[in-house]
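Data first, discussion second: the structure below is written as structure tokens.
The values are calculated or read from the model by the stated rules, or taken from the named source; none is laboratory data. Owing to the predicted nature of the structure, the values given are computational and were not obtained by experimental measurement. Cβ: placed from backbone, ideal geometry, glycine included. Neighbour counts: every protein chain shown. To get the accessible areas, we keep the full protein, side chains included, count just its heavy atoms, and leave off ligands, DNA and RNA. Shrake-Rupley method; radii C 1.70, N 1.55, O 1.52, S 1.80 Å.
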Amino acid sequence: MPTPPANPERLSITELAPLLRAGHLSSRALTDACLARIDADNSALNAFILVLAGEARAQAEEADREIASGLYRGPLHGIPISLKDLMDLRGTPTTAASRVREGHRADRDATVVGRLREAGAVFVGKTNLHEFAFGTTSEDSAFGPVRNPVDRSRSAGGSSGGSAAAVAAGLSVASIGTDTGGSIRIPSAACGVVGLKPALGDLPLDDIVPLNRSFDHVGPIARSVTDAWIVYCAMTGDRSAESAATGTLPPARALRVGVLRPYFMDLVDDEVRARFEDAIARLQQAGATVHDVALPHAADLAAIYLHIGLPEASAYHADTLARMPERYTPNVRIRLEMGRYMLAEDYVRAQQGRQVIRAEVDAALDGCDLLALPALAIPAPPIGAATVKVGSQDIPVRNIMLRLTQVFNVSGHPALTLPCGTTKAGLPCGLQLAGPANQTEALLRAALVVERELAQT
Amino acid sequence: MDIDAWLAAAVADAERRGLPDLKPLLEGIARSTRALRDADWNDRADRPEPPPSAARP
């Protein structure tokens, strides 16, 4: 029998699944390796709010028994994953990283969690986040800030910061996050992993704490596009497309890429810009067709996002803001209070603007397989920074973090980020790709081609 | 309600509730709301034709 791999918690699902299926590695050994990494690193990273060591070992042993008996559920069978602590896992609290939810205990799984359980995933724990997912740095949490595994003085991004940090540092092989303005893609880019926001409405959101229902999405964070596709397939409950994740890919010359430049490239860190341009040049050299595209109303995105997102979030929190305001972290409380002043007529204007943006993204994709832009305009910011310098300008961290991602929450188009190099200081940069409306699998397939080309040295 | 009146009322209410930190945030929203109301997709009762935008839904 082959020797089990060293540090299996660092491998991808694609590498691990055949080892588990063949009995060359047990789920119990893999789960123990993740739990050992959590023991070693979580006190510094603060990625997990809850570690489920006993439950995970029992699930892993059950997976080993099933696989040995010939019941193989698929590539997630026996794989340790983590869940953002915003979604229900039966028998555990869903804290949303807030004292507001003290005493909560889920009596059933969120639908996507149940589907992952059915696919044989092992749940090692629940990850830290920006309180109620209402922020982009994972600093405002009742459990303290998440730290970036690449540089612990820096933010892991947010709001799914614990999930991205866990995947990047080997604390779990994949994780499930949520994305309302970029909360899967921002931390994934900041930590150097792959994050997928599927098309709006692709995946059910029941038993997941909402931020605002117009923009909320749930999706995977993983170490490769293939891994993200495998986890996504399990989350849909229709795993018939799983084999496509590892199938033959078209050549790069078949790809047509639209680069979103006006507005989106106006305010980008120099090193992030250089890595992005390198990636686009690599695709061109590989034969992809690349041209620039624009959204005529891109400058209105922040206003549209704000006037829908804030009042929806505030409506959900109105009762607890009135009864227990002291239980919120101060920054989250004050932003939720803002939404209570907004007027219905402006919400309606923003909803009309949303339709305009959706049509403009469709138009930009006409004749393209993908839109491309950076995922995050800056490298991971220092923890505690209120502003960052981009060129000669001091920009509020929250504004710059959301600037390149919120467009696809407004439009609903599927989007993902994959690593495209690092700054001189070793901080990851993310390449964001968006695909046609309601075609998450088409996006994933095209992203596999991009990932393959970027991996070629 | 026009934006200046809205901002004055919101700031007064925030101060009454002991939330002075809201003032700069509300001022930021007021700027954003102005941009939203000025956008060319908005319908207007005195305009018989919808705005000639190809992107209009």
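From the list A:127, A:136, the one residue that fits, being assigned by TED's automatic domain parsing to the domain that holds residue A:35 and either more than 30 Å from residue A:21 (Cα to Cα) or within 11 Å of the chain's Cα centre (by Cα) (or both), is A:136. Scanning the range A:421-457 for residues that are in contact with a helix residue (DSSP H, G or I) (Cβ under 6 Å, 6 or more places away or on another chain) and under 18 Å from residue A:149 (Cβ atoms) returns A:421, A:423, A:429, A:430.
Which residues, taken from the range A:277-293, are part of a loop (DSSP other than H, G, I, E, B) and surrounded by 22 or more Cβ atoms within 10 Å (Cβ to Cβ)?
A:288
If you check residue A:380 against the conditions, is it surrounded by fewer than 19 Cβ atoms within 10 Å (Cβ to Cβ), more than 11 Å from chain B (Cβ to nearest Cβ) and closer than 30 Å to residue A:414 by Cβ? No. With the requirement that a residue be charged (D, E, K, R), within 8 Å of chain B (Cβ to nearest Cβ) and either open to solvent by less than 10 Å² (accessible area, probe 1.4 Å) or part of a loop (DSSP other than H, G, I, E, B) (or both), what does the range A:321-359 give you? Within the range A:321-359, A:337, A:346 qualify. Test residue A:85 against the criterion of being charged (D, E, K, R) and open to solvent by less than 20 Å² (accessible area, probe 1.4 Å), and give yes or no. Spelling it out, residue A:85 is indeed charged (D, E, K, R) and open to solvent by less than 20 Å² (accessible area, probe 1.4 Å).
Once the range A:102-112 is narrowed to residues that are in contact (Cβ under 8 Å) with a residue 60 or more places away in the chain and surrounded by fewer than 24 Cβ atoms within 10 Å (Cβ to Cβ), the residue that is nearest to residue A:14 (Cα to Cα) is A:111. For the range A:67-113, a residue qualifies if it is of a type outside the set (Lys, Arg), under 19 Å from the mean Cα position of the chain (by Cα) and not in a loop (DSSP other than H, G, I, E, B), and the qualifying residues are A:80, A:81, A:82, A:83, A:87, A:111, A:112, A:113.
If you check residue A:201 against the conditions, is it touching a residue at least 12 places away in the same chain (Cβ under 8 Å) and either in contact with a helix residue (DSSP H, G or I) (Cβ under 9 Å, 6 or more places away or on another chain) or aliphatic (A, V, I, L, M) (or both)?
Against the criterion (touching a residue at least 12 places away in the same chain (Cβ under 8 Å) and either in contact with a helix residue (DSSP H, G or I) (Cβ under 9 Å, 6 or more places away or on another chain) or aliphatic (A, V, I, L, M) (or both)), residue A:201 does not qualify.
For residue B:4, the conditions (1) modelled with pLDDT of 95 or more; (2) in a loop (DSSP other than H, G, I, E, B) all hold with the exception of (2).
Take the conditions (1) open to solvent by less than 10 Å² (accessible area, probe 1.4 Å); (2) under 20 Å from residue A:269 (Cβ atoms); residue A:394 misses just one of them, which is (1). Output yes when any residue across the range A:27-47 is part of a loop (DSSP other than H, G, I, E, B), within 15 Å of residue A:120 (Cα to Cα) and either assigned by TED's automatic domain parsing to the domain that holds residue A:234 or small (Gly, Ala, Ser) (or both), and no when none is. Looking through the range A:27-47, none of the residues is part of a loop (DSSP other than H, G, I, E, B), within 15 Å of residue A:120 (Cα to Cα) and either assigned by TED's automatic domain parsing to the domain that holds residue A:234 or small (Gly, Ala, Ser) (or both).
For the range A:250-265, the criterion of being surrounded by 17 or more Cβ atoms within 10 Å (Cβ to Cβ) and under 24 Å from residue A:133 (Cβ atoms) is met by at least one residue.
If only one of A:311, A:296 is more than 20 Å from residue A:158 (Cα to Cα), in a loop (DSSP other than H, G, I, E, B), within 14 Å of chain B (Cβ to nearest Cβ) and at pLDDT 95 or above, which one is it? Spell out how you get there, then give the answer.
On the way: A:311 fails: in a loop (DSSP other than H, G, I, E, B).
None of the other options fit; the residue is A:296.
Conditions (1) on the phi < 0 side of the Ramachandran plot; (2) surrounded by fewer than 22 Cβ atoms within 10 Å (Cβ to Cβ), marked per residue:
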| site | (1), (2) |
| --- | --- |
| A:206 | yes, yes |
| A:209 | yes, no |
| A:214 | yes, yes |
| A:217 | yes, no |
| A:232 | yes, no |
| A:237 | no, yes |
| A:248 | yes, yes |
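Among the conditions (1) under 27 Å from residue A:398 (Cα atoms); (2) at the interface with another protein chain (Cβ under 8 Å from one of its Cβ atoms), residue B:1 misses just one, which is (1).
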